[in-house]
Amino acid sequence: MTETLGNILANLDAYSWNDWVYLSDVENANIDSVSLVINPDEAELSEDEFTPLLAEKHAMEEFLSVQDLKSVRDNLIFQKPTAGLEDLCAASLYYYKNDAFI
């Protein structure tokens, strides 16, 4: 069920727009960070009735939606057509921290 953030970013088109990515340590995230992709609308929720139970069990917090990550990717490719996975990871983290594209 868990996979690396890099693997998720490399396969964004395999996910639905309403899926969300959850990370165990958002502040120190990198391409190798352990992650989950969950549709929170379909997931069993924890006692707070917001956090998916699976994310809570893995001590993960909400990162970005797949829709946001696709927008980050599209913006990055527009700016830098040769951008790689490391660039996409950096751009995604920048977007998360600053609520803005690079």
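Numerical summary
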read-out	value
Leu12 among the aliphatic types (A, V, I, L, M) and without any contact (Cβ under 8 Å) to a residue 24 or more places away in the chain	no
Those helices (runs of 4 or more DSSP H) lying entirely in the chain with at least 2 residues buried (at least 19 other Cβ atoms within 10 Å of the Cβ), modelled with pLDDT of 95 or more and under 13 Å from the mean Cα position of the chain (by Cα)	5-10, 66-79, 85-98
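The values are calculated or read from the model by the stated rules, or taken from the named source; none is laboratory data. Predicted, not measured: the structure shown is a model, and the values here were computed from it. Cβ coordinates were reconstructed from backbone atoms using ideal geometry, including for glycine residues, and neighbour counts include every protein chain displayed.
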